[in-house]
Amino acid sequence: MRRKDRQIINFNEIYDIINRCDICRIALNNEGYPYILPLNFGVSVENEKIVFYFHSALEGKKLELIEKDNRAGFELDCSHDLEYFEEKGYCTYAYESVIGRGHILMIEDEKEKFEALEILMAHYHTSKETWFNPAAIPRTAVYKLEVEEFTAKRKEPKKREGN
């Protein structure tokens with residue numbers, strides 16, 4: 001990472017950033033080109049490693065690409081704040097982000113799929129357990145990205161003169 005002053009190394013801070021994000025973008029290999037998708041996700045820590053959970057239809061391009069090559073990159077970002085300093089003719093952007101890579105594994109076991117979907121639902125419904133119809137499980141592809149490597153950074157908002 002070029003800007004070490006922006007690097008976040010505390011695992012709990014990084015996990016907090018992930019939990020505040022709405023979308024996880026994954027990049028798959030599409031014949032040598034990245035195929036990037038924004039996905040809803042759930043996240044957990046298992047055996048001291050971050051694991052993302054996703055779901056989709058049982059068929060489609062992303063599943064075909066995962067079957068060919070299950071390596072994936074990912075990116076999440078939040079805390080966006082565009083700052084414009086009119087007097088200086090200057091603008092900048094504050095943010096927090098996490099990027100990394102790992103391997104995607106399909107989840108076939110119905111019990112494990114159910115648990116993964118519960119984790120996914122909990123990410124978006126933090127105040128209560130949210131019910132979903134288990135009849136959808138056989139019609140839903142559920143997969144996880146086991147994170148092998150990641151980095152995180154934060155660009156704090158600039159302090160305005162006089163503040």
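Mind counting the residues in the stretch 36-50 that are touching a residue at least 12 places away in the same chain (Cβ under 8 Å), over 13 Å from residue 15 (Cα atoms) and part of a strand (DSSP E or B)?
So the count comes out to 3.
Could you tell me which residue of the stretch 28-55 is nearest to residue 113 (Cα to Cα), considering only residues that are polar (S, T, N, Q), open to solvent by 20 Å² or more (accessible area, probe 1.4 Å) and modelled with pLDDT of 95 or more?
Within the stretch 28-55, the first condition is being polar (S, T, N, Q), and the residues that meet it are 29-30, 40, 44, 47.
With open to solvent by 20 Å² or more (accessible area, probe 1.4 Å) added as a condition, the list becomes 29-30, 40, 47.
In the following step, the residues that additionally are modelled with pLDDT of 95 or more were identified as 29-30, 40.
Details: 29: 25, 30: 26, 40: 15 Å.
If we take residues in the stretch 28-55 being polar (S, T, N, Q), open to solvent by 20 Å² or more (accessible area, probe 1.4 Å) and modelled with pLDDT of 95 or more, then 40 is nearest to residue 113 (Cα to Cα).
Let me confirm something: among 136, 72, 94, 152, which residue is on the phi < 0 side of the Ramachandran plot, assigned to a helix (DSSP H, G or I), of a type outside the set (D, E, K, R) and open to solvent by less than 60 Å² (accessible area, probe 1.4 Å)?
Working: 72 fails: assigned to a helix (DSSP H, G or I); 94 fails: assigned to a helix (DSSP H, G or I); 152 fails: assigned to a helix (DSSP H, G or I).
Of the residues listed, the single one that is on the phi < 0 side of the Ramachandran plot, assigned to a helix (DSSP H, G or I), of a type outside the set (D, E, K, R) and open to solvent by less than 60 Å² (accessible area, probe 1.4 Å) is 136.
I want to confirm something. Restricting to the stretch 113-133 and keeping residues that are β-branched (Val, Ile, Thr) and over 19 Å from residue 57 (Cα atoms), which single residue is surrounded by the fewest Cβ atoms within 10 Å (Cβ to Cβ)?
So the first thing to find is which residues in the stretch 113-133 are β-branched (Val, Ile, Thr), and the list is 119, 126, 130.
Subsequent filtering for residues that are over 19 Å from residue 57 (Cα atoms) retains 126, 130.
Values: 126: 8, 130: 12.
Among those that are β-branched (Val, Ile, Thr) and over 19 Å from residue 57 (Cα atoms), it is 126.
Restricting to the stretch 1-35, count the residues that are more than 12 Å from the chain's Cα centre (by Cα) and assigned to a strand (DSSP E or B).
The total comes to 8.
The values are calculated or read from the model by the stated rules, or taken from the named source; none is laboratory data. Just so it is clear, the model here is predicted, and its values are computed rather than measured. Backbone-built Cβ (ideal geometry, glycine too); neighbour counts: all protein chains shown. Side chains are part of the model used for accessible areas, which takes the heavy atoms of the whole protein and leaves out ligands, DNA and RNA. Shrake-Rupley method; radii C 1.70, N 1.55, O 1.52, S 1.80 Å.
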